[in-house]
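K.L.:
Here it is, the structure, as structure tokens.
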Amino acid sequence: MPEVIDLINCVFRTGRGNLPHTMEKEFPLLLSSQNAENMRIIKENKKIISVVNFLSRKILIEGTPISTGSIGAVCTHPDHRGKGYSSRVLENVEKRMKEVGINLCLISSTRNLYKQWGAERVKNCRRYRISAGFSDLKFIVREYRRQDLLSMQKIYNSQGTRYLRTGIDFEILIDSGTFPFGDISYKRYVLEDKNGLRGYIILKNTPERIEVKEAVGEKKEIFDTLAFLGYQLGAEGIDYILSEGEKAPTGYRGEEEYLSGSLKIIDFKGFMEELKPYFRQYLTDEEVDFFKVGEENGKYRLSLGAEKIEINTHKELLKLIFEKKEGKEDVKKGKLEGFIDLVFPLPFPWTENLNYQ
């Protein structure tokens, strides 16, 4: 473990401006002895020269849990690059994910390495710029204190679509996910009235902008608070990205944005099977039971009774599941297309939140 962490710090901190070695403090769940079986390495002459790590966690889709693995801190020693080592380790990681039942992989990067592996970006978010300005808030905004943690957990857990965090996860991530490095820093705020906490906001401050890392609460209150915080911090505005399933208050117009990083479906049939409880919230048991999927030779099939759709690439499959379709709403559709329109695009949490690996 120390050798792996030394390699990761060498690449991501020494190699990026000779920064302090803090990766194990920034990603303590990913880079821990408890996660050692999900850290895959290549050794040469008894030295670790390449590593790919992933963290297994559940994500809730309107209350339905799906099994995901988040890949991060992937690197090869500078003296051994260009030999395809990371690609070889990724193949081993995919095998490991299938063994432990992970159906969807989240990658914190969009490098060509992952594209060659089959991962793709999805455009299922909107970026909003909240201009700084004075807001007449009906609650107070103050910086986070340790005693706020339980109330923040309850607020977070009230969401139907989110990462499924244990209490220990939340306690760790509130600090590790806001650990400053280089010229990046964080601010943590809570929204409070006489009845207690009603929301929270975590801001990420970079040389380019101030943006929301994670925010939970009533959306109008969050947007008003961001305008207030922009004014207090002397910024022109604050960027806030909402993912599929989240809605901005009336009057705000955002721009289309990609989900952070990239995605790869590891097991299509397993993924659809896990989503059946979510499907049943919108369709009859009979419709869900007759919905079948398959994968063969890199092509994907969806069927409902006699109706069938074939998808030729993984990129097209991700687009179907995670991105909004363009087309006329009044066009008559078959039962399968109607099924797809009801359940897709999937609501999905913003991935560059506290759980970001």
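K.L.:
Quick one: pull the percent of accessible area on segment 151-304 belonging to carbon and sulfur, 1.4 Å probe, ligands and nucleic acids left out.
P.N.:
Numbers: 3270 of 7430 Å².
Carbon with sulfur: 44 percent of the solvent-accessible area.
K.L.:
Which of MET23, ASN355, TYR240 sits farthest toward the positive end of the charge dipole of the chain, with +1 on the Cβ of Lys and Arg and -1 on the Cβ of Asp and Glu?
P.N.:
Going by the charge dipole, the pick is MET23.
K.L.:
Next question. So which trypsin sites (Lys or Arg not before Pro) in segment 286-357 pass both tests, a DSSP loop state and at most 16 other Cβ atoms within 10 Å of the Cβ? List each step's numbers first, then the result.
P.N.:
Values: sites: LYS292, LYS299, ARG301, LYS308, LYS315, LYS319, LYS324, LYS325, LYS328, LYS332, LYS333, LYS335; in loops: LYS324, LYS325, LYS328, LYS332, LYS333.
Passing sites in segment 286-357 are LYS324, LYS325, LYS328, LYS332, LYS333.
K.L.:
Can I ask one more? Keeping every protein chain present and rolling a 1.4 Å probe, give me the accessible area per residue for segment 111-217 in Å². Can you show the working numbers first?
P.N.:
On the way: 5420 Å² over 107 residues.
Averaged over the residues of segment 111-217, the accessible area is 51 Å².
K.L.:
While we're looking at this one, here's another question. Name the lysines eligible as straight-distance cross-link partners of LYS47: C-alpha to C-alpha under 29 Å, and not fewer than 8 places from it in the same chain.
P.N.:
Candidates past the 8-residue exclusion: LYS25, LYS83, LYS95, LYS98, LYS115.
K.L.:
Taking segment 274-339, which chymotrypsin sites (Phe, Trp or Tyr not before Pro) meet the DSSP loop condition and have no more than 15 other C-beta atoms within 10 Å? If you can, show how the numbers build up before the last one.
P.N.:
Working: sites: TYR278, PHE279, TYR282, PHE290, PHE291, TYR300, PHE322, PHE339; in loops: TYR282.
Sites meeting the loop and neighbour criteria: TYR282.
K.L.:
Which of the helices in the chain meet the span-like rule: DSSP H, Cα axial reach of 20 Å or more, Kyte-Doolittle mean at least -1.0?
P.N.:
The qualifying helices are 219-233.
K.L.:
In nm, give the distance between the simple-model label positions of SER87 and THR14, each being 7 Å from the Cα along the Cα-to-Cβ direction.
P.N.:
2.7
K.L.:
Could you tell me the relative contact order of the chain? Use alpha-carbon pairs under 8 Å, at least six residues apart, and round to a whole percent.
P.N.:
Details: 643 pairs, mean separation 72.4, N = 357.
In percent, rounded to a whole number, it is 20.
K.L.:
Follow-up question, since we're still on this one. With unit charges on the beta carbons (Lys and Arg positive, Asp and Glu negative) and the dipole taken about the Cα centre of the chain, which residue among LEU336, GLY133, PHE54 sits farthest to the positive side?
P.N.:
PHE54
K.L.:
Moving to a separate point now. So, with +1 on the Cβ of K and R and -1 on the Cβ of D and E, and no other charges, what is the size of the charge dipole of the chain about its Cα centre, to the nearest 20 debye?
P.N.:
Around 560 debye, computed over the chain.
K.L.:
Within segment 157-200, name every residue whose backbone N is under 17 Å away from a label modeled 7 Å from Cα of GLN147 along the Cβ vector.
P.N.:
Within reach of a label on GLN147, which here means backbone N under 17 Å from a point 7 Å along Cα→Cβ, segment 157-200 contributes 190-198.
K.L.:
Then there's this: For segment 1-110, what does the accessible surface come to per residue with a 1.4 Å probe? Please give it in Å².
P.N.:
Per-residue accessible area for segment 1-110 comes out at 46 Å².
K.L.:
Pop the C-beta distance of LYS46 and ILE140 into the FRET formula with R0 = 56 Å and round what comes out to the nearest 0.05.
P.N.:
0.45
K.L.:
Would you mind getting me the FRET efficiency between LYS115 and LYS276? Use the beta-carbon distance for r and R0 = 41 Å, nearest 0.05.
P.N.:
That pair, LYS115 with LYS276, gives E of 0.85.
K.L.:
With viscosity set to 1.306 mPa s at 10 °C, what whole-number translational diffusion coefficient in µm²/s follows for the chain from Stokes-Einstein and a Kirkwood radius over Cα pairs?
P.N.:
Value of D from the Cα-based Kirkwood radius: 72 µm²/s.
K.L.:
Among the chymotrypsin sites (Phe, Trp or Tyr not before Pro) in segment 208-274, which ones are in a DSSP loop with at most 11 other Cβ atoms within 10 Å of the Cβ? Mind listing them? Don't skip to the answer; put the middle values down first.
P.N.:
Numbers: sites: PHE223, PHE228, TYR231, TYR240, TYR252, TYR258, PHE268, PHE271; in loops: TYR252, TYR258.
Listed in order of number, the matching sites amount to none.
K.L.:
Return the subset of LYS269/LYS308; LYS269/LYS315; LYS58/LYS220 for which the Cα-Cα distance in this structure is over 24 Å, preserving the input order.
P.N.:
LYS58/LYS220
The values are calculated or read from the model by the stated rules, or taken from the named source; none is laboratory data. As the structure is a prediction and not an experimental result, all values here were calculated from the model. Here Cβ is always computed from backbone atoms with ideal geometry, including for glycine, and neighbour counts include all displayed protein chains. All accessible areas refer to the heavy atoms of the entire protein, side chains included, with ligands and DNA or RNA removed. Shrake-Rupley method; radii C 1.70, N 1.55, O 1.52, S 1.80 Å.
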